[in-house]
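Have a look at the structure below, then the notes.
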């Protein structure tokens with residue numbers, strides 16, 4: 001803005017415009033009317049002098065003719081505007097004025113009146129070209145001659161001298177004046193041209209200034225929008241720093257989280273003042289970078305962004321666990337300008353997670369300890385060969401043992417889901433024969449199925465079907481599916497376990513034949529002719545503690561953890577768990593697991 | 001942990017007479033159960049204590065062939081007792097079997113890192129514990 005104003009001030013100075021116009025008139029480049037004005041004024045003065053009697057009237061007719069022709073010529077000059085005739089009129093009007101001066105001189109018998117011939121003569125002389133000079137010289141001679149011809153009172157000697165010298169002086173002087181006028185005219189033309197150029201430039205500058213003003217206002221509006229959005233964030237800290245970590249942006253969320261108002265922080269503090277030095281050192285060691293800011297932004301620099309927990313130290317010295325997303329910031333040129341730190345206070349959430357972990361591990365420990373005693377002593381009683389039990393006693397104690405085992409499995413399932421939740425679930429991968437896993441799952445439910453009158457059909461390939469996975473967890477997943485199928489199938493029904501090799505494309509399509517764009521998989525389908533799952537509930541089936549309405553109506557025991565665990569195990573193995581079910585007709589669960597290429 | 005043990009067939013009929021075992025668990029019922037299993041394995045219980053510090057003192061005084069230690073105990077944890085026994089040349093040759101109600105891979109790894117010979121998750125089968133005790137004590141040049 002400052003630059004533009006300065007430019008406008010220089011170019012917009014009004015003075016040269018007025019002087020330029022005057023120079024143009026003097027140089028004979030004004031309009032015909034403008035150039036005839038001086039002589040018209042002098043004729044008006046002469047007319048008033050005649051009226052007051054200051055100037056004596058010798059011949060009234062001549063005086064009237066002189067004044068009439070002079071003013072008529074001025075009137076003509078006023079009326080002529082067409083450029084085509086303007087050049088001729090420009091010669092005629094001063095010539096008429098010249099004649100009028102001669103007539104007035106004769107009419108007043110006063111030689112002094114002849115000075116009226118000077119302005120029109122000058123006008124002719126100063127006009128463009130040398131033609132005016134010639135006309136002026138001849139005109140002057142005519143004017144000098146006119147009173148003589150009309151009055152014939154002047155002595156002949158003086159007359160012949162004046163007749164010779166007058167036009168000569170006018171001619172020679174006229175040439176000089178004409179040359180000066182020509183030069184002046186050239187300069188005036190240049191001034192005019194410069195003035196036009198200046199006006200164009202001025203217009204351009206004004207346009208640019210307007211555009212700049214608009215852009216500035218748009219930018220200001222945009223900045224205002226951004227600021228108001230950032231200021232509206234009160235639950236997340238948004239901190240922007242320059243490349244050296246000096247804080248430039250500090251939103252109300254940061255004020256609230258760290259207890260310092262913006263004026264005390266912006267340009268005054270480094271982001272590092274809110275971090276624990278030991279945490280930065282640990283990060284530096286881990287990322288093999290320098291400590292300080294380098295350690296803080298190392299991962300973001302490597303990967304474009306980084307989200308992890310950091311400890312912020314608030315103004316009151318309290319540590320806050322904050323999940324911070326770090327991204328580099330660029331300026332309008334696209335070069336690195338600093339860093340953005342967007343933080344969410346996770347102190348309470350992390351404390352809750354820790355408590356949950358501790359609670360689960362405590363409960364698990366506290367439940368396992370009494371179960372250890374129950375199962376241990378039961379085993380001693382049941383296996384005591386010295387004091388054999390009666391069949392009835394054995395039956396009762398076996399029931400106790402079975403329920404204690406069930407309790408133990410429940411504890412295991414709870415602990416497992418808690419581990420999955422906390423992300424502590426790890427696989428112990430090895431080569432696993434899925435065919436063996438399926439056969440042993442069948443074995444484990446054989447007795448229960450037989451008791452319930454459910455037939456089990458096993459359709460497993462002859463040889464081994466080996467894949468890479470955690471044998472214990474895969475066994476657990478398989479057991480869950482098979483025991484579910486038996487549990488939800490009424491007597492007289494059938495459960496089919498079929499295992500096959502297949503190929504799966506990236507979009508999930510499975511075919512029995514190898515295809516070049518498909519990866520080898522193992523597929524276990526567990527089908528039953530059971531009570532089925534209502535279609536509206538199938539989406540929630542893998543949610544922890546969810547139990548289908550059909551399960552509840554038929555009073556099938558369970559807590560709703562089995563499928564959630566099976567799903568977690570499948571996902572951890574990079575596999576998929578799908579189901580097809582219709583209420584009253586049965587359910588098929590399909591477990592698809594990646595297997596190594598043969 | 002299986003790799004640390006001789007195959008069960010090798011210890012089917014071991015001579016465990018005179019093998020001295022220390023039992024430490026803060027749960028009275030489990031301590032008694034472990035004591036029973038140790039005796040069923042043919043060994044002698046030389047001490048039965050309910051906290052880690054007492055277990056360490058007794059191990060130093062009695063120098064048993066095997067210490068069956070619960071992991072979570074007052075005084076000192078089973079892992080701490082295990083590390084202390086291994087650090088002292090006088091007690092470093094004592095066989096150590098850890099018992100714990102935590103059964104994750106991390107727990108097993110921590111137990112073995114502390115210097116235990118074997119690790120058994122609670123609840124354990126009494127028969128399994130008897131086999132472990134026999135297997136660990138049969139290694140000793142009794």
* **Flag for residue B:84 being out of contact with any helix residue (DSSP H, G or I) (no Cβ under 6 Å at 6 or more places or on another chain) and without any contact (Cβ under 8 Å) to a residue 40 or more places away in the chain** => no
Restricted to the range A:355-385 and to residues being without any contact (Cβ under 8 Å) to a residue 24 or more places away in the chain and under 30 Å from residue A:310 (Cα atoms), the residue farthest from the other protein chains (Cβ to nearest Cβ) is A:355
Taking the range A:381-397 and keeping only residues that are closer than 30 Å to residue A:365 by Cβ and modelled with pLDDT under 90, one is left with A:383, A:384
Picking from A:316, A:309, A:331, the residue that is surrounded by fewer than 17 Cβ atoms within 10 Å (Cβ to Cβ) and at pLDDT below 90 would be A:331
Looking across the range A:115-131 at residues that are in a loop (DSSP other than H, G, I, E, B) and free of Cβ contacts under 8 Å to residues at least 60 places away in the same chain, the single one that is nearest to residue A:175 (Cα to Cα) is A:130
query = Just to be sure, is residue A:352 under 30 Å from residue B:73 (Cα atoms), in contact with a helix residue (DSSP H, G or I) (Cβ under 8 Å, 6 or more places away or on another chain), free of Cβ contacts under 8 Å to residues at least 24 places away in the same chain and outside any loop (DSSP other than H, G, I, E, B)?
reply = no
Filtering the range A:98-114 down to residues that are over 13 Å from residue A:65 (Cβ atoms) and either touching a helix residue (DSSP H, G or I) at 6+ places or on another chain (Cβ under 6 Å) or in contact (Cβ under 8 Å) with a residue 24 or more places away in the chain (or both) yields A:98, A:109, A:110, A:111, A:113, A:114
Subset of the range B:25-76, residues more than 14 Å from chain A (Cβ to nearest Cβ) and either buried (at least 21 other Cβ atoms within 10 Å of the Cβ) or closer than 17 Å to residue B:123 by Cβ (or both), comes to B:43, B:49, B:52, B:55, B:56, B:59, B:64, B:65, B:66, B:67, B:69
If we take the range A:410-513, then strands (runs of 3 or more DSSP E) inside it with 3 or more residues that are surrounded by 20 or more Cβ atoms within 10 Å (Cβ to Cβ), outside the structural domain of residue A:581 (by TED's automatic domain parsing) and without any contact (Cβ under 8 Å) to a residue 24 or more places away in the chain are none
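So that you can scan it fast, the table gives a plain yes or no per residue for (1) modelled with pLDDT of 95 or more; (2) assigned by TED's automatic domain parsing to the domain that holds residue A:312; (3) assigned to a helix (DSSP H, G or I):
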position	(1), (2), (3)
A:218	no, no, yes
A:221	no, no, yes
A:244	no, yes, no
A:248	no, yes, no
A:256	no, yes, yes
Flagged in the range A:388-401 as closer than 22 Å to residue B:129 by Cβ and away from chain B (no Cβ under 14 Å), in numbering order, are A:389, A:397, A:398
Scanning the range A:303-315 for residues that are touching a helix residue (DSSP H, G or I) at 6+ places or on another chain (Cβ under 8 Å) and farther than 22 Å from residue A:255 by Cβ gives A:306, A:308
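The values are calculated or read from the model by the stated rules, or taken from the named source; none is laboratory data. What you see is a predicted model, and the numbers here were worked out from it, not measured in a lab. Counting neighbours? That spans all protein chains shown, and the Cβs are built from the backbone with ideal geometry, glycine included.
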